[in-house]
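The values are calculated or read from the model by the stated rules, or taken from the named source; none is laboratory data. Here the structure is a predicted model, which is why all the values come from computation and not from measurement. Cβ coordinates were reconstructed from backbone atoms using ideal geometry, including for glycine residues, and neighbour counts include every protein chain displayed.
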Amino acid sequence: MISEAEYSKFVPSVATNLGIDLNSYKPQQMIRRLDGYTKRKGMSLADLGKLIGTDKGEALQLRDFMTINVSEFFRDKHQFELLQKKALPELLSQRSRLKVWSAGASHGGEAYTLAIMLSEMTRGKPHDILGSDLDKTILKRAADGGPYSAADVRAVPAPLLKKHFKAVDDSYYVSDEIKRGVRFKEQNLLKGMFPSDLDLILCRNVVIYFSDDAKDILNKAFHKALKPGGWLFIGGTETLHKADELGFERVESSLYRKTAASARLERAA
């Protein structure tokens, strides 16, 4: 197993060559992941740290590994049903065009899922949907609208799959209409400017390796980025600890609403 001392020496190399601040991640979990990675590569962590400084391909490979790109359309379908029943009707009763951010969008499955849902609910009316991720390679696939495997789209209801996707050989691409409704950009959640005045933020199964301090900073930033009454949609197995202190109220599992009282305090600050 990689020692904490070896890991501490590796952290600056990752920051310099990958732009990832490992100080914001839980060290023991990252050590376990990197231990498996280096064993598969047959090299020490110190050698890997040197290699990513000289080999761009190796650096990109490690970046892809560390950004944990796991996603699919309608992932945890029950949670999306709650979103459709609870949050979206409330938001659409207040405004006809929603501003949404899928943070940690991976290959775009969740951002496009939201686009499909809103297209069905509002008869194709336009909305402002942004997907962001740290990984440039996966973002290109998202922006291209595919290709997606059968596993990626396995939870998409058959009528929606037929209506909103194009089958090409053994792969799927989202339709041009859905693709036009979503834009993507590179974004590091732990630094940089966030979108603002948002109605809904999706950040699902992204922060599981973040330290508690990093999660707290991020959730405060999410709160600030949301409009009063805006919603935060997290993973089905995740919990927003001390939600009330952060200015959120828990409405359902994985669904939190920015409270009016916290919005007033924010404006007064």
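Kindly indicate whether ASN188 is touching a residue at least 60 places away in the same chain (Cβ under 8 Å), under 16 Å from the mean Cα position of the chain (by Cα), at negative phi and in the same structural domain as ASP135 (by TED's automatic domain parsing). Give the steps one after another, and end with the answer.
Values: touching a residue at least 60 places away in the same chain (Cβ under 8 Å): yes; under 16 Å from the mean Cα position of the chain (by Cα): yes; at negative phi: yes; in the same structural domain as ASP135 (by TED's automatic domain parsing): yes.
Taking the combined requirement at face value, the residue satisfies it.
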| query | Scanning for something farther than 24 Å from ASP152 by Cα, more than 15 Å from the chain's Cα centre (by Cα), assigned by TED's automatic domain parsing to the domain that holds GLN187 and touching a residue at least 12 places away in the same chain (Cβ under 8 Å), does segment 34-42 turn up at least one residue? | reply | no
| said: Can you find a residue that is part of a helix (DSSP H, G or I) and within 25 Å of PRO89 (Cα to Cα) anywhere in segment 199-208? | reply: no
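Looking at segment 61-84, is at least one residue at negative phi, free of Cβ contacts under 8 Å to residues at least 24 places away in the same chain, surrounded by fewer than 15 Cβ atoms within 10 Å (Cβ to Cβ) and in the same structural domain as ASP135 (by TED's automatic domain parsing)? If you could, list the steps in order and put the result at the bottom.
Within segment 61-84, the subset at negative phi is 61-67, 69-73, 75, 77-84.
Add one more test, that the residue is free of Cβ contacts under 8 Å to residues at least 24 places away in the same chain, and what stays is 61, 81.
Then drop every residue that is not surrounded by fewer than 15 Cβ atoms within 10 Å (Cβ to Cβ), which leaves 81.
Still in the list and also in the same structural domain as ASP135 (by TED's automatic domain parsing): 81.
Yes; the residues of segment 61-84 include at least one that is at negative phi, free of Cβ contacts under 8 Å to residues at least 24 places away in the same chain, surrounded by fewer than 15 Cβ atoms within 10 Å (Cβ to Cβ) and in the same structural domain as ASP135 (by TED's automatic domain parsing).
What do you reckon, is GLY230 over 25 Å from SER119 (Cα atoms) and among the small types (Gly, Ala, Ser)? Let's see the steps before the verdict.
Working: over 25 Å from SER119 (Cα atoms): no; among the small types (Gly, Ala, Ser): yes.
Answer is no for this residue.
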| task | State all residues of segment 156-184 that are in contact with a Ser or Thr (Cβ under 9 Å, 6 or more places away or on another chain) and aliphatic (A, V, I, L, M); if no residue qualifies, say none. | result | VAL156, ILE178, VAL182
| Counting only residues that are loosely packed, with under 15 Cβ neighbours inside 10 Å and of a type outside the set (D, E, K, R), how many does segment 1-22 have? | 8
| query | Are there any pairs with C-beta distances below 7 angstrom linking a residue in segment 153-175 that is within 11 Å of THR113 (Cα to Cα) and touching a residue at least 12 places away in the same chain (Cβ under 8 Å) to a residue that is among the basic types (Lys, Arg) and surrounded by 12 or more Cβ atoms within 10 Å (Cβ to Cβ), with the two at least 6 apart or on different chains, and if so which? | reply | ALA155/ARG75; ALA155/LYS77
| said: Of everything in segment 144-175, what is within 29 Å of ARG95 (Cβ to Cβ) and either assigned to a strand (DSSP E or B) or touching a Lys or Arg at 6+ places or on another chain (Cβ under 8 Å) (or both)? Give them in sequence order. | reply: GLY145, ALA155, PHE165, VAL174, SER175
| query | Can you name the condition, by its number, that LEU130 falls short on among (1) in contact with a His (Cβ under 9 Å, 6 or more places away or on another chain); (2) part of a strand (DSSP E or B)? | reply | (1)
| message | Quick check on segment 167-180. Is at least one of its residues outside the structural domain of ASP21 (by TED's automatic domain parsing), among the polar types (S, T, N, Q), more than 30 Å from ASN17 (Cβ to Cβ) and in contact with a His (Cβ under 9 Å, 6 or more places away or on another chain)? | response | yes
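Every residue, every condition in (1) part of a helix (DSSP H, G or I); (2) over 30 Å from LEU34 (Cβ atoms); (3) at pLDDT below 95, yes or no:
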position: HIS78; (1), (2), (3): yes, yes, yes
position: TRP101; (1), (2), (3): no, no, no
position: PRO126; (1), (2), (3): no, yes, yes
position: LEU139; (1), (2), (3): yes, no, yes
| request: May I ask you to list the residues in segment 173-202 that are modelled with pLDDT of 95 or more, surrounded by 21 or more Cβ atoms within 10 Å (Cβ to Cβ) and not charged (D, E, K, R)? | output: VAL174, ILE178, GLY181, VAL182, PHE184, LEU198, LEU200, ILE201, LEU202
